[in-house]
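Asks: Just passing along the structure, written as structure tokens.
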Amino acid sequence: MTQLALVIDLNVCVGCHACVTSCKEWNTSGAAGFMSDDNPYDRDPTGTFFNRVQTFEVGEFPNTQTVHFPKSCLHCEDPPCVPVCPTGASYKRPEDGIVLVDYDKCIGCKYCSWACPYGVREIDEHQKVMKKCTLCVDRIYDTKLPTAERKPACVMACPTNARLYGDIHDPESVVSKAIRENAGYALMPEWGTQPANHYLPRRKTEMRIHEDELERADNPLKIDGRLPKPGIKDPSLDDVTSW
Amino acid sequence: MNPAFSVIFLTTLLGAGQGVFLALFVIEARAAAGLLTAPSVMFYWMGSAIALALLAAGLLASFLHLGHPERAWRAAAMWRTSWLSREVIVLPAFMVAVAGYGWAHWQGLPGTLWLGAAGAAICLGLFLCTAMIYACIKFLQEWATPLTLVNFVVLGCASGVTLATALAAVLDEAITGITGAWAIALTCTGLLTRAASLWRNARLKPRSSLQTAIGVKHPRIVQKAQGFMGGSFNTREFFHDRTPGALRAVKWVFLACAFVIPVLLLAAGLATAVPVLLALACAVQFGGLIAERWFFFAQANHPQNLYYQAVS
Ligand code: SF4
Ligand code: SF4
């Protein structure tokens, strides 16, 4: 079974919102119709987004960390939003695990948004249907795109490569490896939703240098002595007079 | 949650309509058993008409909640998994049963008691569906309790029986005293069960925290930006933006108007045999239940709110 998902590396995300804008750009231009905005250039701008980047401060000054936290539908493996939908508009695709909304069936009752603990479903105030991340289902299978571009728009846009995309049920995929090797975790595990999207924690970036790395490893007999110091008058490379 | 008046009216109107119908059925059953004087045929069909009107008003309110009411028929599709879908099926079935019950009485047809029994069964099913819509969302911890179901049933029956009492008094029926006693008993029971849920919810420990929400195990985390400056659906749908003081005020108002004042008015109305007092009891109680339902929604604290704490 396939479960496509994003893995978001909080250690790398710089909070630039590039994923937010590219998500909006791609998804508002698609066949499913625009994602409406109100007062975009005015007071109290508001609109429909699939993806938001939030910022949290952890710790107390001066020992604080700023955590930029992108959040979109986590494509839960046991999505509480799906069984509650009375029309069947919300569904989880068996073939790749993407949770989708059929905009032609949705009656806009908002019940699914109540049943998602993560607050990632947003009603489109003009089309009056529920919207959420589609994992760019209209990109990732598009054979007209070069293979390298068959990824969600947010993943393509991220300048720091904080967003990984792949099948978390394939142990050899880049996302599975990232989760395994970097302690990837799920949000609000207490509700048993089993989010497919995972997050990689903040890590302390350290550079470990061992003793043997300070010496030339290819000089085991240490026959190189110190290089002779050139005389003060001798020409040197960074000295124009050497010409 | 930000209480939506469409849903507040939906649940309170349905509850009252169901209560009226159950009152009619229980009266008929007990009259058939010779336990009380049978009321007039007019009482039955007028009661059924009132119940039907309340249910229809509730149904109308539910349509106002939808973004696409013209597609509402689709909501019957997922009855295997969705309590909302089940309600969408059971409500019209119940309305048909109530209409049939009233019509059969009007026409003087036999077998009304059996029709009433079937209607009562559907009615209980409707209570179950309506309450489970809220009680089944486990992370809305204020709702995820059997007390939600108990309160929907008891408060619906209390308001319906109060209404039936007022109707009986207007029609000058002999059963006014007995239904009035039921109404008082149900309203007092409602006070107890609602107080029980208030007591429970005041002691709830939220299972989600900012720590589990973003997966950082540090005791001090503050949101600095929620990702946008203006509002969004997430800030409009899930926050009521009222002060805790306002919430407390609504709580005392509904405790007074849904329970205490109606009981006093019912007792006074029964003692003095003034139907206006009973009708007033009915109106005050319904207003109180609107406040009760508003509070029910406002008190529910959705875990998604953890993600929307600071504009920037
Ligand atoms: S994150 Fe929310 S909307 Fe997405 S699948 Fe999970 S419960 Fe459903
Ligand atoms: S808003 Fe649409 S998708 Fe959500 S539960 Fe209602 S019908 Fe289903």
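Asks: Calculate the all-directions average of the projected area of segment A:90-222's alpha-carbon convex hull, and give it in nm².
Replies: Details: hull surface 53.8 nm².
Its Cα hull, projected and averaged over all orientations, spans 13.4 nm².
Asks: Running Debye on chain B with equal point scatterers at the Cα sites and no solvent, what base-10 log of I(q)/I(0) appears at q = 0.08, 0.10 Å⁻¹?
Replies: -0.40, -0.61
Asks: If you don't mind, another one. Looking only at other chains, what is the average number of their beta-carbon atoms within 10 angstrom of each beta-carbon in A:85-93? Before the final figure, lay out the partial values.
Replies: Values: counts 7, 17, 13, 8, 6, 2, 1, 0, 0.
Partner Cβ neighbours, averaged per residue: 6.
Asks: May I pose another question? Could you compute Rg(Cα) / (2.2 N^0.38 Å) for segment B:93-251, with N its residue count? Show your work: numbers first, answer last.
Replies: Working: Rg = 22.6 Å, N = 159, 2.2 N^0.38 = 15.1 Å.
After normalising by residue count via 2.2 N^0.38 Å, the value is 1.50.
Asks: Does segment B:69-187 come out rounded, prolate or oblate by the C-alpha gyration tensor, with a ≥ b ≥ c the root eigenvalues, rounded set by a/c under 1.5 and, if not, prolate when a/b is larger than b/c and oblate if not?
Replies: Cα axes put segment B:69-187 in the oblate bin.
Asks: Let me ask another. Run the simple label-point estimate for A:Asp38 and A:Glu125 please: 7 Å along Cα→C-beta, distance reported in nm.
Replies: Each label point is offset 7 Å from its Cα along the Cβ direction, giving 0.3 nm.
Asks: Here is a follow-up. Viscosity 0.692 mPa s, temperature 37 °C: give me the Stokes-Einstein translational D for segment B:35-80 in µm²/s, with Rh taken as the Kirkwood radius over C-alpha pairs.
Replies: Working: Rh = 13.4 Å.
The estimated diffusion coefficient comes to 245 µm²/s.
Asks: Mind putting a number on the dipole of segment B:5-306 about its Cα centre? Charges go on the C-beta only, +1 for Lys and Arg and -1 for Asp and Glu, and I need it in Debye to the nearest 20.
Replies: Working: 19 positive and 9 negative charges, 313 e Å.
Roughly 1500 debye for segment B:5-306.
Asks: Another one. Nearest 100 Å² is fine: what is the total accessible surface buried where chains A and B meet, probe 1.4 Å?
Replies: Numbers: alone 15410 and 15250 Å², together 26030 Å².
Buried surface at the A/B interface: approximately 4600 Å².
Asks: Amide H neighbours of A:Phe69 under 5 Å, counting only residues 5+ apart in sequence or on other chains, H built in-plane at 1.01 Å?
Replies: Correct list: A:Gln54, A:Thr55, A:Phe56.
Asks: Related question: State whether segment A:4-200 is rounded, prolate or oblate according to the following rule on the C-alpha gyration tensor (a ≥ b ≥ c being the square roots of its eigenvalues): a/c under 1.5 gives rounded; otherwise a/b larger than b/c gives prolate, and the remaining case gives oblate.
Replies: On the way: a/c = 1.33, a/b = 1.18, b/c = 1.13.
Here segment A:4-200 falls in the rounded category.
Asks: What whole number of Å gives the distance from the Cα centroid of segment B:98-166 to the Cα centroid of segment A:119-184?
Replies: The two parts, judged by their Cα centres, are 46 Å apart.
Asks: Continuing with this model, one more query. Measure nothing fancy, just the Cα-based angle from helix A:18-28's long axis to the longest principal axis of chain A, in degrees from 0 to 90, nearest 10.
Replies: 30
Asks: Also: List the relative contact order of chain B as a percent without decimals, with contacts defined as Cα pairs under 8 Å and 6+ residues apart. Display every interim value, and only then the final one.
Replies: Working: 449 pairs, mean separation 76.6, N = 312.
Over chain B, the number comes to 25 percent.
Asks: Extending each Cα 7 Å along its Cβ direction at A:Asp138 and B:Gln211, get the distance between those two points in nm, one decimal.
Replies: Result for the modelled spin labels: 4.3 nm.
Asks: Please state the shape class of the protein assembly as shown: rounded when a/c is under 1.5, otherwise prolate if a/b exceeds b/c and oblate if not, all from the C-alpha gyration tensor.
Replies: Working: a/c = 3.33, a/b = 2.59, b/c = 1.29.
The shape class here is prolate.
Asks: Cα-Cα pairs above 20 Å in segment B:120-205: how many percent? Working shown, then result.
Replies: Details: 1631 of 3655 pairs.
Roughly 45 percent, rounded to a whole number.
Asks: Pull up all non-local amide H partners of A:Lys131: gap of 5 or more, or a different chain, and H-to-H distance under 5 Å with H placed in the peptide plane.
Replies: So A:Lys131 has HN proximity to A:Glu122, A:Ile123, A:Asp124.
Asks: Rounded to the nearest percent, how much of the accessible area of segment A:4-200 (1.4 Å probe, protein heavy atoms only) is carbon and sulfur? If you can, show how the numbers build up before the last one.
Replies: Working: 4200 of 7810 Å².
Accessible surface attributable to carbon and sulfur in segment A:4-200 totals 54 percent.
Asks: Over the Cα atoms, compute the radius of gyration (one decimal) and Dmax (the largest Cα-Cα distance, rounded to a whole number) for segment A:81-141, in Å.
Replies: 11.1, 31
Asks: Which of A:Lys110/B:Lys205; A:Lys24/A:Lys132; A:Lys110/B:Lys251; A:Lys71/A:Lys151; A:Lys177/A:Lys204; A:Lys24/A:Lys151 have a Cα-Cα distance over 22 Å? Don't skip to the end; give the middle numbers.
Replies: Working: A:Lys110/B:Lys205 26 Å; A:Lys24/A:Lys132 11 Å; A:Lys110/B:Lys251 26 Å; A:Lys71/A:Lys151 17 Å; A:Lys177/A:Lys204 19 Å; A:Lys24/A:Lys151 15 Å.
Cα-Cα > 22 Å for A:Lys110/B:Lys205; A:Lys110/B:Lys251; rest within.
Asks: Below 8 Å, C-alpha to C-alpha, sequence gap of six or more: please give me the relative contact order for segment A:4-200 in percent. Don't jump to the answer; show the numbers that get you there.
Replies: Values: 373 pairs, mean separation 58.0, N = 197.
So the answer I get is 29 percent.
Asks: Quick one: net charge of A:Pro45's neighbours, Cβ under 10 Å, K/R +1, D/E -1? Show your work: numbers first, answer last.
Replies: Values: positive: A:Arg43; negative: A:Asp37, A:Asp38, A:Asp42, A:Asp44.
In short, -3.
Asks: Averaged over its residues, how many other protein chain Cβ atoms are within 10 Å of peptide A:55-63's Cβ atoms? Kindly include the intermediate steps, with their values, before the conclusion.
Replies: Details: counts 8, 14, 8, 10, 6, 4, 0, 0, 1.
Across A:55-63, the average partner-chain Cβ count within 10 Å equals 6.
Asks: Among all the aspartates and glutamates, which ones have a C-alpha under 13 Å from A:Lys105's C-alpha, if same-chain residues fewer than 8 places away are not counted?
Replies: B:Glu70
Asks: Kindly provide the helix-only [θ] at 222 nm of the protein assembly as shown, computed as the sum of -39,500 (n - 2.57) over DSSP H runs of four or more divided by all residues, to the nearest 500 deg cm²/dmol?
Replies: Numbers: 17 runs with 250 residues, N = 555.
Helices in the protein assembly as shown give a 222 nm mean residue ellipticity of -14500 deg cm²/dmol.
Asks: From a point 7 Å beyond the Cα of B:Thr189 in the direction of its Cβ, which residues of segment B:132-163 have a backbone N at a distance under 20 Å?
Replies: Label zone hits: B:132, B:145-163.
Asks: Can you work out D for segment B:245-312 in µm² s⁻¹ from Stokes-Einstein, where Rh is the Kirkwood radius over C-alpha pairs, the temperature is 10 °C and the viscosity is 1.306 mPa s?
Replies: Values: Rh = 13.7 Å.
Calculated translational D: 116 µm²/s.
Asks: Cα centroids of segment A:36-107 and segment B:178-256: how far apart, whole angstrom?
Replies: Computed from Cα coordinates, the inter-centre distance equals 23 Å.
The values are calculated or read from the model by the stated rules, or taken from the named source; none is laboratory data. Predicted model only: the values in this text are computed from it and were never measured. For neighbour counting, all protein chains shown are included, and Cβ atoms are generated from backbone atoms with ideal geometry for every residue, glycine included. Heavy atoms of the whole protein, side chains included, go into the accessibility calculation; ligands, DNA and RNA do not. Shrake-Rupley method; radii C 1.70, N 1.55, O 1.52, S 1.80 Å.
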